[in-house]
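The structure under discussion appears below in the form of structure tokens.
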Amino acid sequence: MRIVLLGAPGSGKGTQAALLKDHFSIPHISTGALLREAVADATPLGLQAKELLDRGELVPDDVMVNLIRERLGQDDVRDGFILDGYPRTLAQAEALDTLLTELGQPVEEAVLIEVDGNQVVERIAKRAAEEGRSDDTEDVVRKRLQIYEEQTAPVAGHYAELGLLTRVLGEGTIEEVLERIKGALLLGAAG
Ligand code: ADP
């Protein structure tokens, strides 16, 4: 199963992707996690990305396309994958289509997790207290939400045009949201 998970910062994408990974036994590919790892290891990519991450801005598309190409070239994605945090722009979505067509493994389903804006801010404040992520401060969160609306929300339209998009309500317990996503994926697979 080849899945793209979409949703605003704080929508619960990362949490749900980790659960889906266990459920379907396919890798969870989080570009945010890959970037934070690169920053922690001070690799050339990490050094380039650090300031952008801390400001809540996007890493340039060409850099991200290279990163995802490399990750999707690894052996463990043969049976599928869950993408979390990629694509974040229309250009990234188009580059992904091209790449996966080349690999003969197109995206099968895109799931958009929808959560009310106020809840998103509340959830991120909670995560900031728990995890201390450097991009979870109030100003940076506002910036990330703005960028999401401007650049990432249109990506859902891209998958809708391809007939691959399902919208799922991201409110309620983690388990409830997971069940909704699994249901949406099953329906999508049947149709
Ligand atoms: P969230 O969804 O909560 O904002 P992520 O962990 O997905 O968190 O991403 C954190 C940061 O990593 C983003 O704000 C951005 O700076 C960078 N990033 C992650 N994925 C991408 C991407 N596909 N393109 C550009 N920047 C990205």
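The values are calculated or read from the model by the stated rules, or taken from the named source; none is laboratory data. All values derive from a computational prediction rather than experimental measurement. Ideal geometry is used to build each Cβ from the backbone, glycine not excepted, and the neighbour counts take in all protein chains shown. Remember, those area values only see protein heavy atoms, side chains included, never the ligands or the DNA or RNA. Shrake-Rupley method; radii C 1.70, N 1.55, O 1.52, S 1.80 Å.
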Legend entry - Projected label distance in nm at Asp76 and Glu149, using a 7 Å step from Cα toward the beta-carbon: 3.7 nm
Inset, instruction - Please tell me the relative contact order of the chain in percent, rounded to the nearest whole number, where contacts are Cα pairs under 8 Å and at least six residues apart. - result: 33 percent
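Determine the gain in length on full extension of the stretch Asp22-Glu138; use 0.36 nm per residue of separation and subtract their C-alpha separation, reporting nm with one decimal. Each step should come with its number before you reach the end.
Values: separation 116, 0.36 × 116 = 41.76 nm, distance 3.20 nm.
38.6 nm is the gain from fully extending Asp22 to Glu138.
Once you sort the root eigenvalues of the Cα gyration tensor of segment 75-162 as a ≥ b ≥ c, which label holds: rounded (a/c under 1.5), prolate (a/b larger than b/c) or oblate (the other case)? Spell out each step's value before the answer.
Numbers: a/c = 2.47, a/b = 1.82, b/c = 1.36.
Prolate shape, in that a/c is at least 1.5 and a/b is the bigger ratio.
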Inset, instruction - Whenever you get a sec, compute what percent of the accessible area on segment 74-174 sits on carbon and sulfur atoms (1.4 Å probe). - result: 48 percent
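Of His158, His28, His23, which has the most accessible area and how do the rest follow, probe 1.4 Å?
The ranking, largest first, comes out as His23, His28, His158.
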Legend entry - Descending semi-axes in whole angstrom, ellipsoid equivalent of the chain, from the Cα gyration tensor: 24, 21, 15
Legend entry - Residue order for Asp116, Asp54, Asp75 - accessible surface, 1.4 angstrom probe, largest first: Asp75, Asp116, Asp54
Inset, instruction - Would you mind working out the magnitude of the charge dipole of segment 1-65 relative to its Cα centre, with +1 at each Lys and Arg C-beta and -1 at each Asp and Glu C-beta, to the nearest 20 Debye? - result: 260 debye
Inset, instruction - Have a look at Ser134, Ser30, Ser11 and tell me which one the Gaussian network model of the chain (Cα, springs below 10 Å) gives the largest fluctuation. - result: Ser134
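So what's segment 1-71 giving for Cα Rg divided by 2.2 N^0.38 Å, two decimals?
Numbers: Rg = 13.0 Å, N = 71, 2.2 N^0.38 = 11.1 Å.
Normalised Cα radius of gyration, segment 1-71: 1.17.
Whole number in Å², please: accessible area per residue of the chain, 1.4 Å probe, ligands, DNA and RNA not counted.
51 Å²
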Inset, instruction - Could you give the size of the charge dipole of the chain about its Cα centre, using +1 on the Cβ of each K and R and -1 on the Cβ of each D and E, expressed in debye and rounded to the nearest 20? - result: 100 debye
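Which pairs in the list Lys50/Lys182; Lys143/Lys182; Lys21/Lys143; Lys13/Lys182 are over 25 Å apart, alpha-carbon to alpha-carbon? Let's see the in-between values first.
Values: Lys50/Lys182 34 Å; Lys143/Lys182 31 Å; Lys21/Lys143 29 Å; Lys13/Lys182 13 Å.
As for pairs spanning more than 25 Å Cα to Cα, those are Lys50/Lys182; Lys143/Lys182; Lys21/Lys143.
Based on DSSP H runs of at least 4 residues, each adding -39500 (n - 2.57), what is the mean residue ellipticity at 222 nm of the chain after dividing by all its residues, to the nearest 500 deg cm²/dmol?
Working: 9 runs with 111 residues, N = 191.
Mean residue ellipticity at 222 nm (helix-derived): -18000 deg cm²/dmol.
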